[in-house]
Amino acid sequence: MADAFDLIVIGAGPGGYVAAIRASQLGLKTAIIEREALGGICLNWGCIPTKALLKSGEVYDQLGHLGDYGLAVTGRSYDFTKVIERSRKVAKQLSAGVAFLMKKNKIEVVDGAARLQAASPAPAVVVDLKAGGERTLTAKSVILATGARARVIPAIGLAPDGDRIWTYREAMIPRAAPKSLLVVGSGAIGIEFASFYRALGADIAVIEALPRILPVEDEEISTVARKAFEKRGLKFRVGARVTGLVKTAEGVALTLDGDGKTVTIEAERAIVAVGIDANVEDLGLDALGVRLDRGHVVTDGHGATNVAGLFAIGDIAGPPWLAHKASHEGVACVEHIAGVGGAHIPAPIAGCTYSTPQVASIGMTEAQAKEKGLEVRVGRFPFRVNGKAIASGETEGLVKTLFDARTGALVGAHMIGAEVTEMIQGFALAMTLEATEAEIMATVFPHPTMSEAMHEAALDAYGQVLHL
């Protein structure tokens, strides 16, 4: 006899566990299935523990610049084991927090690996329990929130070996900090690890197959970012295709083609950060006839798949592969299932890179806006003339805004600088509320704050900038 629920969520990452909480709030009897640890990749191996590492690197780097603030310290050093231990402790704390939330919201947690079987009104879920044995669950609706994993390319050596060749998992728990590191891929994951290990003194080379780093960002921001990272000692090879990565007696050797030449570069370790693959395997999707597109589950505007009663959210349902997007989709999907709420999907989703300096963006890039045939008004404001930035010694970077010249709608915002990941939500709120330049320009920004640069960038787009 199968255990019956209103909703079963497969995967307890930021999409799945948030969806389960919202379902419970709406009175749905809910179960959540997790094969590894509550919190998923984000809390255990992604967003959260990497930020703990980055904070350690940032503080250590700042200790080397205390003279800029009239301060001094002697004997700067770090204990790498304790840096890693702190990161793991943070992850463990948050995973325990999710367990508390599940209990608080009376959500049944089932530890094991799930697979689907044909049934009505939604597929049945068979769980291979961690503790041994098997359990079958049924529900009116099932949500897939199984997330994604690091993409590997074993044919050319781009796959982890647990020692010298890493994905993000291995890069978070090495036994020692490498003196030199190759980073394959210059997206957010690659750049963040490059920033962390460079802050600890490693010699870093970043390899990118596309013509520029941070390729999803606005080209102007990408250019500024590269200069800022190079100033900190990062080296880049763009337009370079990796043809092989092998272990050597001392570390690793990477062969790449670029500019009509084949070169080999060596280092102690390498990180593979070339994208992600959705976790669609071993779920029984083929037997059910679930429609996939380029390895991701195809869904409609409410997260529904082509199979009755089956929904998908987060990374398994396609880009952008971001935790906050997964959480947003989870809430929207559950509210649709429960027959409440409005149309939450799509919504403007900000992207953040927690490097030094940070990068944050939302909406269209300037190139994308022009490709869509929009005439845009572009505003810029550099932090070098922002009072708070000058006082803080953090004058690097700028804010860039894009407005539809016809309607005044904010269609894109792009930022690079200190703590811009904390400021981008201001533009996210503006876009969600469908604000135009008039509302943003009429908003009173507190002084002195770095957020004033956001205001000035909007003013600049309309020839009204005040402090430049």
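Which one is nearest to the chain's Cα centre (by Cα) among residues in the stretch 115-167 that are outside any loop (DSSP other than H, G, I, E, B) and polar (S, T, N, Q)?
Per the criteria, the residue is SER141.
In the stretch 191-227, which residues are under 18 Å from VAL59 (Cα atoms), open to solvent by less than 50 Å² (accessible area, probe 1.4 Å) and in contact with a strand residue (DSSP E or B) (Cβ under 9 Å, 6 or more places away or on another chain)?
Within the stretch 191-227, ILE191, GLU192, PHE193, ALA194, SER195, TYR197, ALA202 meet the criteria.
Could you tell me which residue of the stretch 126-139 is nearest to GLY309 (Cα to Cα), considering only residues that are of a type outside the set (Val, Ile, Thr) and either touching a Phe, Trp or Tyr at 6+ places or on another chain (Cβ under 8 Å) or open to solvent by less than 10 Å² (accessible area, probe 1.4 Å) (or both)?
So, considering only residues that are of a type outside the set (Val, Ile, Thr) and either touching a Phe, Trp or Tyr at 6+ places or on another chain (Cβ under 8 Å) or open to solvent by less than 10 Å² (accessible area, probe 1.4 Å) (or both), the one nearest to GLY309 (Cα to Cα) is ALA139.
Conditions first: (1) outside any strand (DSSP E or B); (2) open to solvent by less than 60 Å² (accessible area, probe 1.4 Å); (3) among the β-branched types (Val, Ile, Thr); (4) farther than 22 Å from ARG169 by Cα. ILE84 passes all but one, so which condition is the exception?
The number of the failed condition is (4).
List, please: which pairs have Cβ atoms under 7 Å, are six or more places apart or on different chains, and start with a residue in the stretch 78-105 that is within 30 Å of LEU28 (Cβ to Cβ) and end with one that is of a type in the set (S, T, N, Q) and crowded, with 16+ Cβ neighbours inside 10 Å?
ALA91/ASN44; SER95/ASN44; ASN105/SER24
Of all residues being closer than 22 Å to SER195 by Cα and part of a loop (DSSP other than H, G, I, E, B) in the stretch 235-265, which is most open to solvent (accessible area, probe 1.4 Å)? Just the residue, please.
Among them, the one singled out is GLY239.
Kindly provide the set of residues from the stretch 36-64 that are in contact (Cβ under 8 Å) with a residue 24 or more places away in the chain, farther than 30 Å from VAL9 by Cα and either touching a Cys at 6+ places or on another chain (Cβ under 6 Å) or not charged (D, E, K, R) (or both), ordered by number.
Once the filter is applied, which keeps residues that are in contact (Cβ under 8 Å) with a residue 24 or more places away in the chain, farther than 30 Å from VAL9 by Cα and either touching a Cys at 6+ places or on another chain (Cβ under 6 Å) or not charged (D, E, K, R) (or both), the stretch 36-64 yields LEU53, LEU54, SER56, GLY57, TYR60.
Within the stretch 412-431, is there a residue that is polar (S, T, N, Q), free of Cβ contacts under 8 Å to residues at least 60 places away in the same chain and either assigned to a helix (DSSP H, G or I) or over 21 Å from SER222 (Cβ atoms) (or both)?
no
The values are calculated or read from the model by the stated rules, or taken from the named source; none is laboratory data. Predicted model only: the values in this text are computed from it and were never measured. In this analysis, Cβ positions are derived from the backbone assuming ideal geometry, glycine residues included, and neighbour counts consider all displayed protein chains. Note: accessible area is taken over every heavy atom of the protein model, side chains too, but ligands, DNA and RNA are not part of it. Shrake-Rupley method; radii C 1.70, N 1.55, O 1.52, S 1.80 Å.
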